[in-house]
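Peer 1: Sharing a structure below in structure tokens format, with a few things to ask.
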Amino acid sequence: MSAVHTRRKPPRVGDQPLFRRLLIATVLILGALLILAPLIVIGFEAFSEGWRAYASTIAHPDTRHAIFLTVVTALVAVPVNTIFGVAAAWAITKFDFPGRRFLLVVIEIPFSISPIVAGVAYLFVYGLQGFFGPLLEAYEIKVLFALPGIVLASMFVTAPFVARELIPLMQAQGRDLEEAATSLGASGWRTFFSVTLPNIKWALLYGVVLCNARVMGEFGAVSVVSGNIRGQTNTLPLHIELLYHDYQAAGAFASASILAVIAVFTIIAKVALERQGAGRIRRPALAAGAAASTE
Amino acid sequence: MKIRLDHVVKTFHTFRAVRDVSLDIESGELVALLGPSGSGKTTILRMVAGLEYADGGHIYFGDQDATDIPVRDRGVGFVFQHYALFPHMTVAENIAFGMKVSKVKREKAAIAARVEELLRLVRLEGLGDRFPAQISGGQRQRVALARALAVDPKVLLLDEPFGALDANVRRELRRWLREIHDELGITTLFVTHDQEEALDLADRVVILNEGTIVQQGTPEEVCRSPGSAFVTRFLGDANRLEAEVRGGKAHVGSVSLAADGIPDGAAEVYARPSDLEWSAAGPGIAASITRVLDRPGGRRVMAITTGGEHLEFDVEPELAVHAGQQGFVTLRRAQVFAR
């Protein structure tokens, strides 16, 4: 009898105190070693030569240009990918057409391909010896080793972010709402803006935030197509690598701290959006429902 | 508005959902499309709405060929099975949506007045500020109806209107929908797989199976003279017995029934549980009771004939019956179909 009283609930797998403590300790130690420690090092190293050195690194024209280039890339790539993502998700989830599954696979490709492969592929398509090379040269359009190449490579890598966030949600929502809106006389645009968009806005913002973080941090694909020309075609991640190779550790860490700050803001935005119901498949308003029934 | 379907065909990939359906719906009529799942009833409704295009045939609204008119301009009110209310809009905004997006511009005050009028019609006064998530299923159903009616549709189309509700709310809403229909006189077509719902509500029932109309008529016509074994089985519980027709008479064991116009040979007899009678002594079909089920309304008996056919029938609750008892079954009323 006493055994029944002391044990209030039946034991679950891994519920013994020793096992539990061991698991928690492992997670904490690994988390500290793998994630927290490097971040702290960035902070320390960035300021290792004092505030002044930090400020002068950031103020250096090459660094400022790298920041500028990164922001410009994001300003072009993120909106384009957002429109692409919404259009692709809308097409895939609300319509039936031949090649629908194929499009779904195509959208996923950048996720499964190493970014460096994407960079090399762009080299072959737009490079001098490449497919469009002679044509581009004839019209004196510079794609590679210039801003267009950087933007294109970034867009390739981040193409799936928005679409991937929207497709499962829009699939779960089905087509009923859109059909209802059109049966009531709404046009396609009207249906999109007053019915579809309000129901996907949080997931859409979530995808945009993730997409932006990835555009700003992209290294592999951009390093192949940019040519690493200091002060001209260097984005922030490339600039950090260059500084590091020049034995300017403090400068590298100072620049890295900027990306780290962007990352922190991204996480805050992400958590805030998740509270609004983004990143989960459900209808925010209807899921809360039934409890309030009055009939 | 009179609706006419003329040899309508619809195929999904290789599946022929609707095969050559022709149907007339008179102005102001309330018609039920009744059939098992996969019978094509929802597809027909969606084609009338314009949510699905017909592969062949024509759909007429009055004298106008509406086959190629897009759903947006067709002027139908469609009530979806799961209501499809806009979750981010209040009840009033949901109802006003159709008037706001309409090509016919309306004053804000006129829209508000119409919303109030519709809320009164569906008996939801004072709930205009609630969100769909904050009202019950039955109330959502009524909002969906008000929203569909707001655009003054020529036709009202309802897809399994009460499918997602519990039995009591369902019965109440059924009566209420009939009242609204009688009040507005709008041509209404609804889809259901529930025979009771179709028979209770509709002026005329259209029974579908495998994409074709198998029978149509008033509830009385389809109940009293079902045209086929399928219709008989689908409309409600029925006992099936093998029979032999000779010279206009169907013989089931020692019992014989009128079978006018049925050719000689093997046939099947269908009888409702309430049309069978049990007696301890003959004549009749010899059977033995296997189970007795007691229900509030009476006593259901399950039996097996000496031929091995299963029967279900109702007896008076006072009648003493028990499993294992031997006796005889007679048929008060039955339908005979050639096999």
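Peer 1: Can you give me the angle between helix B:137-149 and the longest principal axis of chain B, using Cα atoms only, in degrees from 0 to 90, rounded to the nearest 10?
Peer 2: Tilt relative to chain B: about 60 degrees.
Peer 1: Which far-off residues, 5 or more places away or on another chain, put their amide H under 5 Å from the one on B:Leu208, with H placed in the peptide plane?
Peer 2: Correct list: B:Leu34, B:Gly35, B:Val214.
Peer 1: Filter chain A for me: DSSP H helices, axial length by Cα at least 15 angstrom, mean Kyte-Doolittle hydropathy not below 1.0. List them by residue number. Write down the numbers at each step before the final one.
Peer 2: Working: long enough: A:17-31 (21 Å, 1.67); A:61-94 (49 Å, 1.11); A:100-112 (19 Å, 1.21); A:115-126 (16 Å, 1.89); A:147-158 (16 Å, 1.96); A:160-173 (19 Å, 0.46); A:197-217 (30 Å, 0.97); A:249-275 (38 Å, 1.68).
Once both thresholds are applied, what remains is A:17-31, A:61-94, A:100-112, A:115-126, A:147-158, A:249-275.
Peer 1: Pop a pseudo-label 7 angstrom from the Cα along the beta-carbon direction at both A:Leu104 and A:Asn228 and give the gap in nm to one decimal.
Peer 2: Going by the 7 Å Cα→Cβ label model, 4.1 nm.
Peer 1: Springs between alpha-carbon atoms under 10 Å, Gaussian network over chain A: tell me which of A:Ala263, A:Ala118, A:Ala138 tops the mean-square fluctuations.
Peer 2: A:Ala138
Peer 1: So, one more: With the contact rule set at Cα under 8 Å and sequence spacing of 6 or more, what percent relative contact order holds for chain A? Could you put the intermediate results ahead of the total?
Peer 2: On the way: 323 pairs, mean separation 81.7, N = 295.
Relative contact order, chain A: 28 percent.
Peer 1: I've got another one for you. Cut-off is 10 Å between beta-carbons; in what order do A:Ser257, A:Ser183, B:Ser256, B:Ser225 appear when sorted fewest neighbours first? It would help to have the intermediate numbers written out before the result.
Peer 2: Working: A:Ser257 20, A:Ser183 27, B:Ser256 15, B:Ser225 12.
Exposure proxy ranking, most exposed first: B:Ser225, B:Ser256, A:Ser257, A:Ser183.
Peer 1: Now for a separate question. Please give the average number of partner chain Cβ atoms lying within 10 Å of the Cβ of each residue in B:133-143, rounded to a whole number. List each step's numbers first, then the result.
Peer 2: Numbers: counts 11, 8, 6, 6, 4, 3, 3, 4, 0, 1, 0.
If you average over the peptide's residues, the count of other-chain Cβ atoms is 4.
Peer 1: If you don't mind, there's one more thing I want to ask. What's the angle, to the nearest 10 degrees (0 to 90), between helix B:108-121's Cα axis and the longest principal axis of chain B?
Peer 2: With both axes taken from Cα atoms, the answer is about 20 degrees.
Peer 1: Amide H to amide H, which residues 5 or more places from B:Gly56 or on other chains are under 5 Å from it, using H placed in the peptide plane?
Peer 2: Counting only residues 5 or more places away or on other chains, the set is B:Val9.
Peer 1: Can I ask one more? Run the quick spin-label model on B:Met302 and B:Arg246: label points 7 Å from Cα toward the beta carbon, then report their separation in nm to one decimal.
Peer 2: That separation, rounded to one decimal, is 3.4 nm.
Peer 1: Test of understanding: what is the full-extension gain from A:Ala37 to A:Leu23, defined as 0.36 nm times their sequence separation minus their Cα-Cα distance? Walk me through the intermediate numbers first.
Peer 2: Working: separation 14, 0.36 × 14 = 5.04 nm, distance 1.99 nm.
Once the chain is fully extended between A:Ala37 and A:Leu23, it gains 3.0 nm.
Peer 1: What list of ³J(HN,Hα) couplings, whole Hz, do you get for segment B:210-224 from phi and the Karplus terms 6.51, -1.76, 1.60, once you set θ to phi - 60° and write x for glycine and proline?
Peer 2: Per-residue couplings from phi come out as 6, x, 10, 7, 9, 6, 9, x, 5, x, 4, 4, 6, 6, 7 Hz.
Peer 1: Which values, in whole Å and largest first, are the semi-axes of the equivalent ellipsoid of segment B:3-230 obtained as the square root of 5 times each eigenvalue of the Cα gyration tensor?
Peer 2: Details: eigenvalues 177, 86, 47 Å².
Rounded to whole Å, the semi-axes are 30, 21, 15.
Peer 1: Give me the angle, in degrees from 0 to 90, between the Cα long axis of helix B:167-184 and the longest principal axis of the Cα atoms of chain B, rounded to the nearest 10.
Peer 2: 60
Peer 1: So if R0 is 45 Å, what FRET efficiency would A:Leu75 and A:Leu128 give, r being the distance between their Cβ atoms, rounded to the nearest 0.05?
Peer 2: Working: r = 28 Å, r/R0 = 0.63.
The pair A:Leu75/A:Leu128 has a calculated efficiency of 0.95.
Peer 1: So if we plug the beta-carbon distance of A:Phe97 and B:Lys103 into 1/(1 + (r/R0)^6) with R0 = 45 Å, what FRET efficiency do we get, rounded to 0.05? Walk me through the intermediate numbers first.
Peer 2: Working: r = 28 Å, r/R0 = 0.63.
That pair, A:Phe97 with B:Lys103, gives E of 0.95.
Peer 1: Given springs between every Cα pair under 10 Å in a Gaussian network model of chain B, which of B:Gly248, B:Gly75, B:Gly40 has the largest fluctuation?
Peer 2: In the Gaussian network model the winner is B:Gly248.
Peer 1: Under the Kirkwood approximation applied to all pairs of distinct alpha-carbon atoms, what is the hydrodynamic radius of segment A:25-177 in Å? Could you put the intermediate results ahead of the total?
Peer 2: Working: mean 1/r = 0.0517 Å⁻¹.
That comes to 19.4 Å for segment A:25-177.
Peer 1: So for the pair B:Glu196, A:Ile141, with labels modelled 7 Å out along Cα→Cβ, what separation do we get in nm?
Peer 2: Here the answer is 6.9 nm between the modelled labels.
Peer 1: Same structure again: Nearest 0.05, what FRET efficiency do B:Glu220 and B:Arg333 give at R0 = 22 Å with Cβ-Cβ as r?
Peer 2: Values: r = 15 Å, r/R0 = 0.67.
It comes to 0.90.
Peer 1: Can you list residues from other chains, or at least 5 along the same chain, whose modelled amide H is less than 5 Å from the amide H of B:Thr290?
Peer 2: B:Met302, B:Ala303, B:Ile304, B:Gly324
Peer 1: Determine how many Å³ per residue the convex hull of the Cα atoms of segment A:50-282 encloses. Intermediate values should be presented prior to the final figure.
Peer 2: Details: hull volume 34.5 nm³, N = 233.
Convex hull volume per residue, Cα atoms: 148 Å³.
Peer 1: Can I ask one more? Output ³J(HN,Hα) for segment B:291-302: one whole-Hz value per residue in order, computed from phi by the Karplus curve 6.51 cos²θ - 1.76 cosθ + 1.60 with θ = phi - 60°, and x for Gly and Pro.
Peer 2: Ordered by residue, 3J(HN,Hα) equals 8, 10, 10, 9, 10, x, x, x, 10, 9, 10, 10 Hz.
Peer 1: Now a separate question. Which value results for Rg/Rh of the protein assembly as shown when Rg is the Cα radius of gyration and Rh the Kirkwood radius based on the inverse mean 1/r?
Peer 2: Numbers: Rg = 35.4 Å, Rh = 31.1 Å.
Reported Rg/Rh (Cα atoms, Kirkwood Rh): 1.14.
Peer 1: Oh, and also: Run the paramagnetic zone check for B:Leu319: 7 angstrom along Cα to Cβ, then residues of segment B:249-268 with backbone nitrogen under 13 Å.
Peer 2: Answer for this model: none.
Peer 1: Could you work out which residue, out of B:Ala303, B:Ala66, B:Ala280, moves most in a Gaussian network model of chain B, that is, has the largest mean-square fluctuation with Cα springs under 10 Å?
Peer 2: B:Ala280
Peer 1: Counting only helical runs of four or more DSSP H residues, what would the 222 nm mean residue ellipticity of the protein assembly as shown come to if each run contributes -39,500 (n - 2.57) and the total is spread over all its residues? Walk me through the numbers before you get to the answer.
Peer 2: Working: 26 runs with 301 residues, N = 634.
Helix contribution divided over all residues of the protein assembly as shown: -14500 deg cm²/dmol.
Peer 1: Another question, then. Between their Cα atoms, which of A:Lys94/B:Lys108; A:Lys201/B:Lys108; B:Lys2/B:Lys154; A:Lys201/A:Lys270; B:Lys10/B:Lys41; A:Lys201/B:Lys100 are more than 20 Å away from each other?
Peer 2: On the way: A:Lys94/B:Lys108 32 Å; A:Lys201/B:Lys108 27 Å; B:Lys2/B:Lys154 9 Å; A:Lys201/A:Lys270 13 Å; B:Lys10/B:Lys41 11 Å; A:Lys201/B:Lys100 22 Å.
The pairs that break the limit, which is 20 Å between Cα atoms, are A:Lys94/B:Lys108; A:Lys201/B:Lys108; A:Lys201/B:Lys100.
FYI, it's all coordinate maths here, none of it is from the lab. Given the structure is predicted, the values throughout are model-derived calculations rather than measurements. A quick note on method: Cβ atoms are made from the backbone with ideal geometry, for glycine too, and the neighbour counts reach across all protein chains shown.
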